[in-house]
Each structure stands twice: as structure tokens, then as C-alpha cells.
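**Student:** So that we are looking at the same thing, I have put the structure below in C-alpha cells.
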Amino acid sequence: MFPAPLVRRFLIAYPESMPPRLEVDLAPGHKTGLVLRNPVMPASGTFSWGFEFAKHFDINALGAVVSKGVTMAPRGGNRQPRVAQTPAGMLNSIGLQNVGISEVIDELAAAWAKWKTPVIVNIAGDTVDEFGRMAAMLDGIPGIAALELNISCPNVDVGGMEIGQDPASAARATRAAVRKTDLPVIVKLTPNVTDPALLARACADEGAAALCAINTVVGMAIDLKRRRPVLPRAKGGLSGPAIKPIALRMVYDVSQAVRIPVIGCGGISTGEDAIEFLMAGATAIQVGTATFANPRALLDVLEGMTAWLAANNVADVNDIIACAHPVPA
Ligand SMILES: Cc1cc2nc3c(=O)[nH]c(=O)nc-3n(C[C@H](O)[C@H](O)[C@H](O)COP(=O)(O)O)c2cc1C
């Protein structure tokens, strides 16, 4: 039917022009599963509830959407100023400003249910038990595909990093949530610990479907004129390119310590940054601070990552995950 030279050309060209396979599974073996069409998603707190961005690009192009941290009651957040620029990133002390869990259940989830891309709700309990109560409230709500436990926020007086710095408390928070929901539970780790592997194992042993590394690194800035800290709470969370090497090291260590998927987060702004995280052991990645300078950062990372895979003849993104791990002797 087709002239032979054309068929030959098609057969030779086709394998090269096949786009790489991007699908990843963040909860293999879990009841509901969490298969993403690609490994790129926003980092909590840098994408609001997703609706603003949905006006500017097709949200379904993303692997997943991650919500702002949700608390039991609505919160107004910390006093201003809440952010400070640093040479290679930013400090924030937002203090979990959010609409509260009832509005998420009653209003936002119904709108998320219309998207094809899964929505992961980031929850922040004040106590270990509150993580369980919030998980129970969100269980079975259409539009919510998974939970991410924020046991790593450095900008609140109770809960947050206080829970995430202690392996026993981190394990209890994970257990409390896992027992109360069929949704996959992702636990977001703080880098502000001596041994992240210990923390990771404690959460994995209690049934976490996946881990996310990392939340922000505690830092501060001084206002020379006022001779006072810039942020009213003195310290804040450092994010952006400055923390990328720390985040990479944590992904590398944590992904060798557990058998569940790890999501890499911290300073990613290009496709090649994302590839580094995958090679270090991440199954998926989150983009945060980069979005503030470039609202299309997520799409740029996805396009750059896909182009890198194609240019390097990687047919399936899963083939490069953890390729930088030490080779067993
Ligand atoms: C303004 C701001 C708000 C954030 N809010 C949350 C939050 O609500 N919950 C959470 O788990 N992490 C929050 N984070 C941390 C990010 O999700 C991410 O872990 C961190 O910024 C590192 O990634 P990045 O360097 O790509 O920004 C926030 C970060 C920023 C900059």
C-alpha cells in the first residue's frame, strides 16, 4: 500500500520520535493507588488551591496538584512581613494561612473532582491525634486523591516541625492518619534533623505510601536599620535554589533507607534539576519557589525533563530513578 522507502523511513524514525513514557506510581500496592501521568507537581503553599493557575494553563498537564496546608480551623497566618528575599531563594513565615478543612470539603473538593489530574491535600494537625481526625474527615471525599502530612512546617507554634523532628511522634502521626483513611498518605519530611533516614523508616513502617523530601530549611535574616530580625518570628523557612543540594542529599539518603516512593522537593526550577532528583532516588518531584518568579515553571520543568529524556534516549522515566545510588558490591 505504501511505497517501500516510506515504510523503511517510518520504521527507522519511529522509535526515535516516540515520546518518553512519563507515568509513575506513587503508591504501588496501595488500595486506591496514586498513578500520575507524569512526575511533576507543585509544592504545597506555592500553588494556592490550584484555581488561579488553572486560568492560565491546562492544569491537567500536571502529574498532580498539591494544595496549600490545611488546618482544622481557618487561619489568618503570621504577622507581616512574612517573606524575605535571600541571595539564592527566599525565607517565608506564612504561618499556614488557609481556609480550614470544612471549606476544603464543602467547596474546593467538588471543583477538584472535575479535573483529570489528582489533587493531594496537604494537612497540618496541631497534634498527632488531629492528623487522624483530619484524615477521617477527608476520607472518601470525591476530588481528593491522597493526603500529604505536613509534619515539617517551621512557622507555627504547635504541631509542624515539632512533630516531624522526632521519629516517634512522626510515626504516631503517620499511624493516626493511615488508620483513618483509605487514601494514600504521603509524609512530608523536615530537613532540620540529624538523621533523616531514621525519620523516613519510622513513617514507612507505619504505612506511609510515600515520603516527600523536603520542607524548608530553618533560617533567618537581620534588618540592619532596625537591628532586628526581618521576620516577626525571627526565623523562617528557606526555600529555592539555595536548598537544592540539601534536598538532593536528603532524597538520596531517604530513598535508600525505605522501599516506598520518595517525592523530591527543594530548589527545582529546570528540567535538569528534576532529572538530578530522579537520579538521586525520587519517583516524582515538586516545584515551589520557582513558580513565584515564573508562573509557568511547572510546565517548563516538565518540558525540560521530557526533552532531556528524549535527547538521552531514555524511553521510560522510571528507568533513571535512583540510577545514582551506589552499586551493591
Ligand atoms: C510561601 C511558601 C508557603 C509554603 N507553604 C507550605 C505549606 O502550606 N505546607 C507545606 O508542607 N509546605 C509549604 N511550603 C514548603 C514548600 O512546599 C516546599 O517544601 C519548599 O518551599 C521547598 O521547595 P522549593 O525550594 O521548590 O520552594 C511553603 C513554601 C513557601 C515558599
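**Student:** Test of understanding: what is the full-extension gain from F292 to F51, defined as 0.36 nm times their sequence separation minus their Cα-Cα distance? The partial results should precede the final answer.
**Tutor:** Details: separation 241, 0.36 × 241 = 86.76 nm, distance 1.55 nm.
Gain in length upon complete extension: 85.2 nm.
**Student:** Kindly express, to the nearest 10 degrees and within the range 0 to 90, the angle between helix 128-138's C-alpha long axis and the longest C-alpha principal axis of the chain.
**Tutor:** 50 degrees
**Student:** Accessible area per residue, 1.4 Å probe, Å², for the chain: what's the number?
**Tutor:** Roughly 46 Å² per residue, with all protein chains present.
**Student:** Given the DSSP H assignment, sum -39500 (n - 2.57) over each helix run of at least 4 residues in the chain and divide by its residue total; what's the result at 222 nm in deg cm²/dmol, nearest 500? Don't skip to the end; give the middle numbers.
**Tutor:** Values: 11 runs with 104 residues, N = 329.
After summing the helix terms and dividing by residue count, I get -9000 deg cm²/dmol.
**Student:** Taking the chain as the reference, fit the longest principal axis to its C-alpha atoms, fit the long axis of helix 297-311 to the helix C-alpha atoms, and give the angle between the two in degrees, 0 to 90, nearest 10.
**Tutor:** 30 degrees
**Student:** Among bridges DSSP assigns within the chain, what percent are antiparallel (round to 5)? Could the numbers behind the result be given before it?
**Tutor:** Numbers: 16 of 41 bridges.
Antiparallel: roughly 40 percent of the beta bridges in the chain.
**Student:** Can you give me the distance in nm between label points at R226 and D319, each placed 7 Å from the Cα along the Cα-to-Cβ direction?
**Tutor:** 5.4 nm
**Student:** Can you work out ³J(HN,Hα) from phi for every residue in segment 185-193, in order, using Karplus 6.51 cos²θ - 1.76 cosθ + 1.60 and θ = phi - 60°, giving whole Hz and x for Gly and Pro?
**Tutor:** Once rounded to whole Hz, the list reads 10, 9, 10, 9, 8, 8, x, 8, 9.
**Student:** Between A111 and E23, what is 0.36 nm times their sequence separation minus the Cα-Cα distance? Round to one decimal in nm. Provide the component values of the computation, followed by the final result.
**Tutor:** Details: separation 88, 0.36 × 88 = 31.68 nm, distance 2.41 nm.
In short, 29.3 nm is gained.
**Student:** Would you mind checking K55/K244; K31/K68; K55/K116; K68/K188; K31/K180 for any pair whose Cα atoms are more than 20 angstrom apart? Present the calculation step by step, with values, prior to reporting the outcome.
**Tutor:** Values: K55/K244 29 Å; K31/K68 25 Å; K55/K116 15 Å; K68/K188 13 Å; K31/K180 14 Å.
Cα-Cα > 20 Å for K55/K244; K31/K68; rest within.
**Student:** Find the centroid of the Cα atoms in segment 108-157 and in segment 210-252, then give the distance between the two in whole Å.
**Tutor:** 24 Å
**Student:** Between segment 44-89 and segment 192-206, how far is it from one alpha carbon centroid to the other, in angstrom?
**Tutor:** Value for the Cα centre distance between the two parts: 26 Å.
**Student:** Round to a whole number: what % of the accessible area of the chain belongs to carbon and sulfur, probe 1.4 Å? Please report the intermediate quantities before stating the final value.
**Tutor:** Numbers: 8310 of 15020 Å².
With neighbouring chains kept in place, the figure for the chain is 55 percent.
**Student:** Tell me which residues come under 5 Å, amide H to amide H, from N122 once H is placed; ignore anything under 5 positions away on its chain.
**Tutor:** Answer set, sorted by chain and number: S67, V70, E148.
**Student:** Would you mind finding the longest exposed-site-free stretch of the chain, with exposed trypsin sites (Lys or Arg not before Pro) meaning DSSP loop and at most 10 other Cβ atoms within 10 Å? Each step should come with its number before you reach the end.
**Tutor:** Working: sites that count: K31, K55, K114, K116, K225, R226, R227, R259.
The longest uninterrupted stretch comes out as 117-224.
**Student:** Using alpha carbons only, how many angstrom separate the centre of segment 168-183 from the centre of segment 259-329?
**Tutor:** Answer, in whole Å: 28.
**Student:** With angles folded into 0 to 90 degrees, how steeply does helix 4-17 sit against the dominant principal axis of the chain? Use alpha carbons for both and round to 10.
**Tutor:** Between the helix axis and the principal axis of the chain, the angle is about 20 degrees.
The values are calculated or read from the model by the stated rules, or taken from the named source; none is laboratory data. Everything numeric in this text was worked out from a predicted model, so none of it was measured. FYI the Cβ positions are ideal-geometry reconstructions off the backbone, even for glycines, and counts take in every protein chain you see. Accessible surface is based on the protein model in full, side chains and every heavy atom, while ligands, DNA and RNA are left aside. Shrake-Rupley method; radii C 1.70, N 1.55, O 1.52, S 1.80 Å.
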